[in-house]
Structure formats: C-alpha cells, structure tokens
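The structure appears below as structure tokens.
The values are calculated or read from the model by the stated rules, or taken from the named source; none is laboratory data. From a predicted model like this one, the values you see are computed outputs, not experimental measurements. FYI the Cβ positions are ideal-geometry reconstructions off the backbone, even for glycines, and counts take in every protein chain you see. Areas reflect the complete protein model, heavy atoms only, side chains present, ligands, DNA and RNA absent. Shrake-Rupley method; radii C 1.70, N 1.55, O 1.52, S 1.80 Å.
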Amino acid sequence: MAARALINVPPTAKRGEIVVIKALISHEMESGFRPNAVGQLIPRNIIKEFVCTYNGVEVFRAEFFSAISANPFLSFTTVATESGTVTMTWKGDNGFFATESVAIAVE
Amino acid sequence: MRIGHAAAALTILAGIVPAGAEIATAQRKSGYDFMARTTQAMQDGDTSNPGMLWVLDGAALWDRKAGAANRSCADCHGDAPTSMKGVAARYPEFNATLGRPINIEQRINLCRADRQQAKPLPYESKDLLALTAFVARQSRGQPIAIAEDEPTRRSVETGRAAFVRRQGQLNLSCAQCHDDNWSGRLAGNPLTQGQPTGYPIYRLEWQSLGSLQRRLRNCLTGMRAEAPALGAQELVDLELYLMSRARGMPIETPAVRP
C-alpha cells in the first residue's frame, strides 16, 4: 500500500498567531545496517528530506538519517500570516515521494 | 542480560508482595496509566498515534472487493462504525461450529475464507493487522464484554491455568509479574498488570503495530518458556482469560505502548 500521512494544521488561526503543525508518515526507515536471515545487509531505505511550505514559502525543513525511527513524526511551529495552503513533502531512497496539502484560514 | 535482571528483580520483589490473588476490580489499571505523559499524548491524538496509519489502511481494505466471491467487507457489513461497534470487545468468542473460542483475527479470516472465498491473511501480516485495527477501533471506549456462558467459562479456566502455571527455564508464571508485582518495576520499566485493552498496539520497541499474541510470545520468550506458534489455541485461551480478567475496562485500540 502507498505511504499514508497524517497531518495536523489548525484550520483557522488569528494573524500573527504561532500555530503547531504535526506530520506523521508511514515508512519503514530501514537503516541499512541490519543483516537479513542469511547475513546480508538489508539495503538502506529511508526518507531523507522533509519540507513544509506555506503559500509556496519554505517554513520548515528536516534531514533524516538512518537512526530516525520508523513512521517518523514531526511537530514544529510557524506564524500564521495569511490564508492559504500548507504543503508538506517527503523524499527518500528508491524514489520515495509523498506530499500532502491542507488549507489554513487566517483572520 | 535482560533475563538476568528479570530474575534478580523478582527475587527482591517476591519477598514483599503476597502471592496468588487476582487484582481487585477497583485496582485494575490499563498499561496507559503507567506510561509517560508524552507517550499518552501520542496515543491520544489521532494524528500523532502511528496506529492510526494502520486503521486508515484497514478502512481502505474494508471497502475493497476480494476473493472468488468478489465481495468487500462493506458489501455485507455496511458502515463499520455501526456494524462493528462493540464487536472486538466480545472477542475471543466461543464459535459453536468450531467448538472452540476464536480471536478477532481468526473471526476476520473466517469471513475472508468463507464469505469472500479468498486466502486467509497470515498472522501479523500488514493487511490482517490493518483490518483488525480498523474493526477494533470501532469499539474504542466500549467496555470489554466477554460472554459468561458455560463453554466460554471452560476456556477462560484453561487460560487462567496457563496464566498461573510456572513455566520455562526461569520457572516463572505470568501471575507472578502481572498479578503479584504489577506495581513494581523490571529493569527500570513498570511491570503493569498486563491488561489487553489496546490491541493491536503500536509498540515503540517494535516500531510497528502488533497483535496481542505477538505481545504474549514476547513475554513467554522473556520467561524462557516455549512460545506456541501464532494462532495456537493455547494463546487464544490466554487471550480469552486476559480479556475476561479485563471485563468492563474500555477498549483503547489502537493503543501505543513503550
């Protein structure tokens, strides 16, 4: 099954308010260091990059490495400036790509 | 050397706690109550609880036609929040046709085989965990309601006998940890009462969702006892005893556990 993401952005906020954004995605995050049953290393398969944009402007970025857990969960903040769209993308090994967008209304 | 710690900790604890009694109803506590606040918060939020990823997969499978019958679960059972509410809180349930109790995974696989005419899903497969999590999620908040009829009671007794029986190279019983010493700690971690309220659970140590039987096999391995294969009747009977011991406690599926 394709990757599933659960994201949480408050649907409405006051201008200037600090809002918490949460992002959870399904991914095995295979570290590349584990041997399989016959002793060969299982190839690394991780998410390497997460980017969050707010009306096209990057507001948060994270690099992931082998020690990050499976199904990584991120929580971060930004300032609500104007109504628009918050977009998150995850990129990783083997061409992994996932994206989610959600609207935020700012009064 | 976790086992070494386990044995040492128990030797210390064994002297101070009276053995052999079941936990009084008013004293029962879910594993949730022993967790750190951050782990509780992870379970509480539907967008922070990783178990919800499986629930979403399960919702998609619920609507997908499968097998020679080309039917989906939804074709027969309709809207899951209505038709599946409280169902998982009754399982394991005695199945008259088979003459033995079956757990919720086995109940789902009966429908896979008989109603959809599809291959049963392997235990601990992503799809079976997803369907189980989705079905059990519909019982969240519902009190555990194991039947009290005669055939159920007989299997509960079999499960209880296994729970109090000393076994394995460490000569331990489940009850020594989960009835007699649940307020103690083992190698720094709370022992807890071993209540089965949140299955399938997202266990941080597993970095995945897993069934109650997987959890029981973990404990059996820790006791250096022989762990029956997934799906074995011994494990179903243990599940049934644990669920009857937790009668009335609310279902938390999908719970998060350390």
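Using Cβ point charges alone (K and R +1, D and E -1), the dipole size of region B:28-258 about the Cα centre works out to roughly 220 debye. In chain B, the sites counted are trypsin sites (Lys or Arg not before Pro) in DSSP loop states with at most 14 other Cβ atoms within 10 Å, and the longest stretch holding none of them, exclusive of the sites, is B:66-164. Taking Cα atoms only, the orientation of helix B:150-164 departs from the longest principal axis of chain B by about 40 degrees.
Of the trypsin sites (Lys or Arg not before Pro) found in region A:4-107, those that fall in a DSSP loop while having at most 14 other beta-carbon atoms within 10 Å are A:K14, A:R15.
Ordered from longest to shortest, the equivalent ellipsoid semi-axes for region B:152-258 are 19, 18, 15 Å, each the square root of 5 times a Cα gyration tensor eigenvalue. Normalising the average separation of contacting C-alpha pairs (under 8 angstrom, six or more residues apart) by the number of residues puts the relative contact order of region B:28-258 at 29 percent.
Taken across both chains, chains B and A shield about 1200 Å² of accessible surface from a 1.4 Å probe. Among the listed pairs B:K65/B:K126; A:K22/B:K29; A:K22/A:K91; B:K65/B:K85; B:K65/B:K119, those whose Cα-Cα separation exceeds 24 Å are A:K22/B:K29. Note on region B:182-202 and region B:18-85: Cα centroid distance 18 Å, given to the nearest whole angstrom. With both residues required to sit in chain A, DSSP beta bridges show an antiparallel share near 95%.
Per residue, the convex hull around the alpha carbon atoms of region B:146-197 comes to 88 Å³. Fully extending the segment from B:T38 to B:E234 would add 67.1 nm, taking 0.36 nm per residue of separation and subtracting the current Cα-Cα distance.
Note on region B:28-258: dipole from Cβ charges, positive end direction compared against B:L170, B:S211, B:A147; the farthest Cα belongs to B:L170.
Here's the picture: charge each Lys and Arg Cβ at +1 and each Asp and Glu Cβ at -1 in region B:28-258, and of B:S48, B:Y123, B:W182 the one pushed furthest to the positive end of that dipole is B:W182. Between the Cα long axis of helix B:2-14 and the first principal axis of chain B there is an angle of about 60°, rounded to the nearest 10.
Given a 1.4 angstrom probe, I'd like the percentage of the accessible area of the protein assembly as shown that is carbon and sulfur, rounded to a whole number. So the carbon and sulfur contribution to the accessible surface is 54 percent.
Annotation: per residue accessible area for region B:28-258 equals 44 Å², rounded to a whole number [probe 1.4 Å, protein chains only]. Annotation for region B:188-251: GluC sites (Glu not before Pro) lying in DSSP loop with at most 16 further Cβ atoms inside 10 Å of their Cβ are B:E205, B:E226.
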